[in-house]
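*Asks:* Structure in structure tokens, see below.
The values are calculated or read from the model by the stated rules, or taken from the named source; none is laboratory data. Treat the numbers as computed from the prediction; the structure is a model and nothing was measured. Cβ placement follows ideal geometry from the backbone for every residue including glycine, while neighbour counts extend to all protein chains displayed. Please note that ligands, DNA and RNA were not included when accessible areas were found on the heavy atoms of the full protein model with its side chains. Shrake-Rupley method; radii C 1.70, N 1.55, O 1.52, S 1.80 Å.
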Amino acid sequence: MMNYKQLTVFNYRVAYYVMRIFGIYWLLRQYLEYRRISLWPKEIYEPFLDIQRFIFSEYPSAFLYLTLLLICAALLVITWFRQSVLLNFCIFLLIAVINFPISLNFSIGHNNHLVVIGYFMAIFLLPNKMKDEKDYRWVQYFYLGILTTYSLAGLSKFLGIAKNVIKNSGKLTWLDKNAAKINTLDNYWIADVKVPEWILHLYQYENLWVVITMVAIIIQASSFLGAFSRKYLTFIMIFLYMFHVYTDFFVLADFRDAKNFVLVALFPYHIFYPLIRKLMKKDFSSLPLA
């Protein structure tokens, strides 16, 4: 059996390659999203960030956007065979730029930030340079960069609850019985979609939802701890995936790419160690099989 340090390095070295496959899938998803948004009136294009307005003062043409996608796809393929910090940096930049026209404008949420952060954290992590288990700390930083986004979101919920309770503001908080239900109703109302009856039926268990919500916030806030424990990291991976499944159905938040990226980046690949080592013997021969 590998120890924690060895399996941490091993898991990232596999994730590096899976991230390249995921990247191609992600680029296809962005192209389809670009095509969908292209049908909207160009007059309502309104970038949220200054850098978005600087790079894309207007919605990009299909030729320009497709060119960016193809260059990024080519780099993802090249870095499968030729690992390079410079090429990884270019991939990160392209992914960030490709995300600009379809996030944080047209009143669209920023649902690709996790993917952008993931490729940023992986810029300097090259599998062919990670030949020793001592490199496990760099992988922990990779995990920490991804998981901190969830921990900050959970912490902000706690601070919001504390602020309203201390000030006795009278505002709705996650401690209220109908908070989760009202959140769902509000999002469905904004989307002009009828709430399914099965969801309304589940919300009849008011006290249970308060407990579920608070436990979920606690786990979300503690997500960063997964960077330092493989078992807790696997638990957090499952929790975050289920959390995104919940948001898909109950609040209409499409975090499909984030949900899939969580699996790709955090998956315990070491459970398939013998098979992976056999398939990729050259890259993983330095890690002994106990």
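*Asks:* Quick check: anything in the range 184-202 out of contact with any strand residue (DSSP E or B) (no Cβ under 6 Å at 6 or more places or on another chain), surrounded by 15 or more Cβ atoms within 10 Å (Cβ to Cβ) and small (Gly, Ala, Ser)?
*Replies:* no
*Asks:* If Leu263 meets every condition in (1) in a helix (DSSP H, G or I); (2) of a type outside the set (Gly, Ala, Ser); (3) more than 24 Å from Tyr119 (Cα to Cα) apart from one, which number is that one?
*Replies:* Answer for Leu263: the failing condition is (3).
*Asks:* Cβ contacts < 6 Å: first residue closer than 19 Å to Thr8 by Cβ, restricted to the range 232-247; second residue modelled with pLDDT of 95 or more and outside any helix (DSSP H, G or I), any location; separation 6+ or different chain. Result?
*Replies:* As it stands, the answer is Thr234/Pro268, since those pairs meet every condition given.
*Asks:* Additional query: Would you check if Tyr25 is within 28 Å of His244 (Cα to Cα) and among the aromatic types (Phe, Trp, Tyr)?
*Replies:* Values: within 28 Å of His244 (Cα to Cα): yes; among the aromatic types (Phe, Trp, Tyr): yes.
Answer is yes for this residue.
*Asks:* Out of everything in the range 120-131 that is in contact (Cβ under 8 Å) with a residue 60 or more places away in the chain and open to solvent by 30 Å² or more (accessible area, probe 1.4 Å), what residue ends up being nearest to the chain's Cα centre (by Cα)?
*Replies:* Asn128
*Asks:* Would you check if there is a residue in the range 145-156 being in contact with a Lys or Arg (Cβ under 9 Å, 6 or more places away or on another chain), buried (at least 19 other Cβ atoms within 10 Å of the Cβ) and under 19 Å from Ile21 (Cβ atoms)?
*Replies:* Step one: of the range 145-156, the residues in contact with a Lys or Arg (Cβ under 9 Å, 6 or more places away or on another chain) are none.
No, that holds for no residue.
*Asks:* Specify which of the listed residues (Pro47, Pro41) is over 22 Å from the mean Cα position of the chain (by Cα) and modelled with pLDDT under 85. Let's see the steps before the verdict.
*Replies:* On the way: Pro47 fails: over 22 Å from the mean Cα position of the chain (by Cα).
None of the other options fit; the residue is Pro41.
*Asks:* Among all residue pairs at least 6 apart or on different chains, which show Cβ distances below 6 Å where the first residue, located in the range 74-102, is more than 13 Å from Leu27 (Cα to Cα) and the second is among the basic types (Lys, Arg) and in a helix (DSSP H, G or I)?
*Replies:* Listed pairs, sorted by first residue: Trp80/Arg20.
*Asks:* Filter the range 217-275 for residues that are among the charged types (D, E, K, R) and modelled with pLDDT of 90 or more; which is surrounded by the fewest Cβ atoms within 10 Å (Cβ to Cβ)?
*Replies:* So the residue we want is Lys231.
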